[in-house]
Amino acid sequence: MTAGPEEDDRHRNRRLDEAVRRRRERRELWKRVGERSIGQNLAMIGALGWVIVTPTLIGVFVGRWLDRIFGSGLFWTLGLLVVGLAVGSTLAWTRMHQE
């Protein structure tokens, strides 16, 4: 069963109200705290880089170890590389939205 046009409008209005509220909160925070310095921005970039790189490298090292044990070429290395990259990207994404 699909919602009627009035229900769709209410849903859109709620989403718009939420977006406006978040924008106001961010603006008020920016007025109170001010803009981050260049050093803080560079530190954030470095921290996000390590958040992505660390799980990726762990995946590669564990994959190479498993490939040596099972003699499976690059099967585990490539699979765990992708998993590590996905985990690192997800962690970076959530951390970015917390800041």
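The values are calculated or read from the model by the stated rules, or taken from the named source; none is laboratory data. Not measured: the values here are computed from a predicted model. Reconstructed Cβ throughout: ideal geometry from the backbone, glycine too, with neighbour counts over all protein chains shown.
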Self-check item: Residue match in the range 27-43 (condition: at pLDDT 90 or above, exposed (fewer than 14 other Cβ atoms within 10 Å of the Cβ) and not in a helix (DSSP H, G or I))
Solution: no
Check: Has the range 53-76 got any residue that is among the basic types (Lys, Arg), surrounded by 10 or more Cβ atoms within 10 Å (Cβ to Cβ), in contact with a helix residue (DSSP H, G or I) (Cβ under 7 Å, 6 or more places away or on another chain) and farther than 29 Å from Glu99 by Cα?
Finding: yes
Here the qualifying pairs (Cβ atoms under 8 Å; residues six or more apart or on different chains; first in the range 64-93 and within 18 Å of Thr54 (Cα to Cα) and not assigned by TED's automatic domain parsing to the domain that holds Gly46; second of a type in the set (Gly, Ala, Ser) and in a helix (DSSP H, G or I)) come out as none
